[in-house]
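The values are calculated or read from the model by the stated rules, or taken from the named source; none is laboratory data. Computed from a predicted model, the values in this text were never measured in an experiment. Heads up, the Cβs are rebuilt from the backbone with ideal geometry, glycines too, and the neighbour counts pull from every protein chain shown.
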Amino acid sequence: MLLSTVTGEQQYIKASAKYFAVALRGGGGPMAVCRLDRPGRFEPGTSQILEGHTGAVLDFDWNPFDDNMLASASEDSTIKIWSIPDDWEPTDAKGDAKPGLNLSDSLVDLQGHRKKVTLVKFNPTAANVLASTAADASVKIWDIERGEELSSYDQMGDLTQDITWDFRGDHYATSCKDKIIRLHDGRTGMVTTNIQNAHEGVKSVKITYLADTNKLLSTGTSKQSAREIKVWDIRNATSALYTEKIDTGSGVLLPIFDNDSGILYLCGKGDSTIRLYEFEDRDPYIFKLNDGYRSNVSTKGVCIVPKRGNDILACETARLLKVTNEQVVQPLSFIVPRKSDAFQADIFPDCPAPESAHTAEHWMAGSSKPPVTICLDPAKTNCTSKDSQNGGTKRSFKVRTVAAVESELKEATARIHYLENKLKENGISY
């Protein structure tokens, strides 16, 4: 696997409950899309490739309500929305994967940024709402189903280093090279709160909301270049509620927070260790767990698989995918040992379902809802929350590809010529 050598603020790997994607080297901004349930060696010509950009892909994100839909951001200043066909990866008589065709026709192309698009992030509750950041100092919110820009904030002080939505998808936060963390209204993009000089060091600042608690966690470096984490109350962000020094490592710390369990996975680019913390909404908020992950292989990028993609009966509470500098994607399973093979409800609370809480139109009109949740008990496959029963829907959409539109146009043109000839034969003018 020849991974892309482009560097930036991205995680380098993202996963849905069915697939994971990584950017590759080569023209056309290629991305490899691989199934989670089919591990093995990546061989050119035997794996599925997305290619359609004219520049390198810098970031991508999976639609939380459609495991087959992916958004990609590129140096060519465009965002493309892709849909992975279920029959894209054919199998032979033994059930083994066979080579498939590369996918080059995107569903939608979003154009509006003037420079390279650096980060993209789907809204966790509103259907088909996407946030994007670019080198033109702007943050835009899109309705990808309509292919329209919903709002834009064009006054970022410098390059955006991270963007994250809050638990309900009403607001988003951005960190910037100017050392300011901005909290934005998700619908208008306007800044509601500033955290000035959140971290005094020059390293990138990464951020994540901590469930539905009005708390925000940031990672960065101190003036002495020591890596640190801080917890903020977004209602009064004049000073951090808690600060913890980590070490003097040089890599950027990526915070991956599991809202369901309250576990924070702290992963450093270039590190071989993943640190685990538990969050509780009380002082000192962050409690370090003894059992982390250690190896002798450094991390290039990392992501977490949606809980629906875990092996529930094996008590796999989390699965991280780690990209190494040796061109390997390594799955890391975090398992709570239990003697029983029955469903363990105490370690598997309801998790986000592949259903939106509201449409983009309702969200823009002010609708505010938590994510729709689903029960993970395999014996209760239809067990969904009350939110799902009261309006939660799986919001996807089908857009005709360029090839399909060209085929329809060709058929329509032939039909028009046929009808014109019939009119002429019968002496009817038009």
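Here are the numbers:
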{"item": "Among (1) buried (at least 24 other Cβ atoms within 10 Å of the Cβ); (2) in contact with a Phe, Trp or Tyr (Cβ under 8 Å, 6 or more places away or on another chain); (3) closer than 18 Å to residue 194 by Cβ - the single one residue 138 does not satisfy", "result": "(1)"}
{"item": "Residues of the range 309-334 that turn out to be of a type in the set (A, V, I, L, M), outside any loop (DSSP other than H, G, I, E, B) and surrounded by fewer than 19 Cβ atoms within 10 Å (Cβ to Cβ), as a count", "result": "4"}
{"item": "Only one of 337, 306 that is touching a residue at least 60 places away in the same chain (Cβ under 8 Å) and either closer than 18 Å to residue 66 by Cα or surrounded by fewer than 17 Cβ atoms within 10 Å (Cβ to Cβ) (or both)", "result": "306"}
{"item": "Single condition residue 247 does not satisfy, out of (1) within 21 Å of residue 193 (Cβ to Cβ); (2) in contact with a strand residue (DSSP E or B) (Cβ under 7 Å, 6 or more places away or on another chain)", "result": "(1)"}
{"item": "Pair list, Cβ under 7 Å, 6 or more apart: the range 213-227 residue loosely packed, with under 15 Cβ neighbours inside 10 Å, other residue assigned to a loop (DSSP other than H, G, I, E, B) and of a type outside the set (Ser, Thr, Tyr)", "result": "223/200; 223/201; 225/201"}
{"item": "Some residue of the range 97-109 being in a loop (DSSP other than H, G, I, E, B) and modelled with pLDDT of 90 or more", "result": "yes"}
{"item": "Pairs where the first residue, in the range 36-50, is at positive phi and the second is surrounded by fewer than 18 Cβ atoms within 10 Å (Cβ to Cβ) and at pLDDT below 70, C-beta under 6 Å, 6+ apart", "result": "45/99"}
{"item": "Boolean, residue 346 is in contact (Cβ under 8 Å) with a residue 40 or more places away in the chain, of a type in the set (D, E, K, R) and exposed (fewer than 12 other Cβ atoms within 10 Å of the Cβ)", "result": "no"}
{"item": "Positions within the range 275-301 being among the small types (Gly, Ala, Ser) and out of contact with any strand residue (DSSP E or B) (no Cβ under 7 Å at 6 or more places or on another chain), in sequence order", "result": "295"}
{"item": "Positions within the range 180-203 being farther than 23 Å from residue 141 by Cα and of a type in the set (S, T, N, Q), in sequence order", "result": "196, 197"}
{"item": "Test: residue in the range 242-257 that is crowded, with 21+ Cβ neighbours inside 10 Å and among the β-branched types (Val, Ile, Thr)", "result": "yes"}
{"item": "Residue within the range 211-226 that is assigned to a strand (DSSP E or B), more than 23 Å from the chain's Cα centre (by Cα) and either under 30 Å from residue 336 (Cβ atoms) or among the polar types (S, T, N, Q) (or both) present", "result": "yes"}
{"item": "Test set (1) β-branched (Val, Ile, Thr); (2) farther than 23 Å from residue 209 by Cβ; (3) free of Cβ contacts under 8 Å to residues at least 60 places away in the same chain - residue 328 fails condition number", "result": "(3)"}
{"item": "Wholly within the range 1-83, strands (runs of 3 or more DSSP E) carrying at least 1 residues that are modelled with pLDDT of 90 or more and within 16 Å of residue 102 (Cβ to Cβ)", "result": "19-23, 31-35, 48-50, 57-62, 69-74, 78-83"}
{"item": "Residue among 187, 182 that alone is closer than 19 Å to residue 356 by Cβ and basic (Lys, Arg)", "result": "187"}
{"item": "Residues (of a type in the set (Asp, Glu), assigned to a strand (DSSP E or B) and surrounded by 20 or more Cβ atoms within 10 Å (Cβ to Cβ)) located in the range 149-184", "result": "162"}
{"item": "Top-ranked residue in the range 112-123 [being closer than 28 Å to residue 367 by Cβ and touching a Ser or Thr at 6+ places or on another chain (Cβ under 9 Å); ranked as surrounded by the fewest Cβ atoms within 10 Å (Cβ to Cβ)]", "result": "112"}
{"item": "Residue ranges of strands (runs of 3 or more DSSP E) in the range 241-285 with at least 1 members under 13 Å from residue 219 (Cα atoms) and in contact (Cβ under 8 Å) with a residue 60 or more places away in the chain", "result": "253-258"}
